[in-house]
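Participant: Sharing a structure here in structure tokens format.
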Amino acid sequence: MDRVFNFSAGPSTLPLEVLEKAQAELLNANGSGMSVMEMSHRSQAFQDIIDQAEADLRDLMNIPDNYKVMFLQGGGTLQFSMVPINLLRNSRKADYIVTGNWAKKAFEEAQKFGDVVAAASSKDRNFAYIPKTTRESFRPDADYVYITTNNTIYGTHWNYKALPDVGDLTLVADQSSNFLAEECNVTDFGLIYAGAQKNVGPAGVTIVIAREDLLGHAPENTPIYLDYKIHADKGSMYNTPPCWSIYIAGLTFQWIKKQGGVAAIEKHNIEQAKRLYDAIDNSKMFKGTVDPEDRSLMNCTFVTGDADLDKKFIAEAKANGLVNLAGHRSVGGMRASIYNAMPDEGVDALIAFMQKFETENK
Ligand SMILES: *Cc1c(COP(=O)(O)O)cnc(C)c1O
């Protein structure tokens, strides 16, 4: 096979088993005589697919009955707008923790809709850490507090056991790049969302998990697609949902279950990330770019300190079947995205290549 190890930050590598299953079912899914791409979203065959996907996700994340699951379009970016439109409902205040580019974009978008402030930020050190907050960091009447649990571009993440203390305020999380990668308590959050294309499937579906009481408060003039309540009431079928992306996400949920669920995936992710970070820390050439205690399990960012050497590394890695290792255009250096589907062989090959490159370029 001529597949490469793909370290892309998103869209990103998918489990080979999922791709093979989709390939096997491409022309005739579940005996329907057609591809999932050709099915009516109103057919029983597709209803079974979306119901199974939701049931498996509820199982994997232990989602309580008073939370709705929605499969929407528009990416993480549309959630930057939908969250404030739907959740700014009493004081119309929201407090954001700005830990990177995506958090900043969400924060700036929300400012269009209400009294939105940055309660904390790690901009002072180029987003290389997760800022500490206390209950007093947040306005007592804020409609919600917003965090980005994994910062895809800078390579930091929140420890789910050390989430900000928001008291009884509603916590909202963009989990786009660590969805189903680390165990989280859904009830710690009022709303969680994640674009699929980092950890669960192709681009085109965004999963929203929201506590029921938060829905139904969008202003009268809200465009119909942007009202969570519409989607929740219609089981994500108000209009044509992204059927194919939901199908692949469903196959990925089944794959995660087969791996032992999120706890087993997290354990594996911790071990895999540790091997890579150890290799960086034990090297004289490569340096990590963020505070070690806040390092992401999904996006490992590192540099040599010499932009030309970084370029050489990225090019030679690519020639060796290790692709998409360039850091985001706003930060440079290297970023190895090692999402759930990255096999151990991929990380081991990267580590071996780093060691070889260091020896050859002393
Ligand atoms: C990729 C990403 C987004 C943006 O997703 P789009 O689907 O491109 O809109 C938002 N938040 C995080 C954390 C991301 O990694």
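The values are calculated or read from the model by the stated rules, or taken from the named source; none is laboratory data. Here the structure is a predicted model, which is why all the values come from computation and not from measurement. Glycine also receives a Cβ, built like all others from the backbone with ideal geometry; neighbour counts cover every protein chain displayed. Ligands, DNA and RNA are stripped out before the accessible areas are found, and what is left, the full protein with its side chains, is counted by its heavy atoms. Shrake-Rupley method; radii C 1.70, N 1.55, O 1.52, S 1.80 Å.
Participant: Of all residues in the range 203-230, count the ones that are surrounded by fewer than 18 Cβ atoms within 10 Å (Cβ to Cβ), within 20 Å of the chain's Cα centre (by Cα) and within 16 Å of the ligand (Cβ to nearest atom).
Facilitator: Number satisfying all stated conditions: 1.
Participant: So which of PHE353, PHE357 ends up being over 22 Å from the mean Cα position of the chain (by Cα), farther than 27 Å from ILE265 by Cα and either of a type in the set (Ser, Thr, Tyr) or crowded, with 18+ Cβ neighbours inside 10 Å (or both)? Write out each step before concluding.
Facilitator: Numbers: PHE353 fails: farther than 27 Å from ILE265 by Cα.
From the options PHE353, PHE357, the qualifying one is PHE357.
Participant: Follow-up question, since we're still on this one. Just a yes or no: is a residue in the range 319-338 farther than 30 Å from ASP124 by Cα and in a helix (DSSP H, G or I)?
Facilitator: Step one: of the range 319-338, the residues farther than 30 Å from ASP124 by Cα are 319-323.
With in a helix (DSSP H, G or I) added as a condition, the list becomes 319.
Yes, that holds for at least one residue.
Participant: Just to be sure, is ILE246 closer than 26 Å to TYR144 by Cβ, touching a strand residue (DSSP E or B) at 6+ places or on another chain (Cβ under 7 Å) and not in a loop (DSSP other than H, G, I, E, B)? If you could, list the steps in order and put the result at the bottom.
Facilitator: Values: closer than 26 Å to TYR144 by Cβ: no; touching a strand residue (DSSP E or B) at 6+ places or on another chain (Cβ under 7 Å): yes; not in a loop (DSSP other than H, G, I, E, B): yes.
No; evaluated as a whole, the condition is false for this residue.
Participant: So, ARG42, is that one among the basic types (Lys, Arg), open to solvent by 50 Å² or more (accessible area, probe 1.4 Å) and without any contact (Cβ under 8 Å) to a residue 40 or more places away in the chain or not? Reasoning before the result, please.
Facilitator: Working: among the basic types (Lys, Arg): yes; open to solvent by 50 Å² or more (accessible area, probe 1.4 Å): yes; without any contact (Cβ under 8 Å) to a residue 40 or more places away in the chain: no.
For ARG42, the condition - among the basic types (Lys, Arg), open to solvent by 50 Å² or more (accessible area, probe 1.4 Å) and without any contact (Cβ under 8 Å) to a residue 40 or more places away in the chain - is not met.
Participant: Can you tell me which residue within the range 165-180, out of those that are buried (at least 24 other Cβ atoms within 10 Å of the Cβ) and in a loop (DSSP other than H, G, I, E, B), is farthest from the ligand (Cβ to nearest atom)?
Facilitator: LEU180
Participant: From the list ALA315, ALA249, ALA264, ALA307, exactly one residue is crowded, with 20+ Cβ neighbours inside 10 Å and among the small types (Gly, Ala, Ser). Which is it?
Facilitator: The unique qualifying residue is ALA249.
Participant: Return yes when LEU60 is closer than 20 Å to VAL200 by Cα, assigned by TED's automatic domain parsing to the domain that holds GLN175 and touching a residue at least 12 places away in the same chain (Cβ under 8 Å) and no when it is not.
Facilitator: It is true that LEU60 is closer than 20 Å to VAL200 by Cα, assigned by TED's automatic domain parsing to the domain that holds GLN175 and touching a residue at least 12 places away in the same chain (Cβ under 8 Å).
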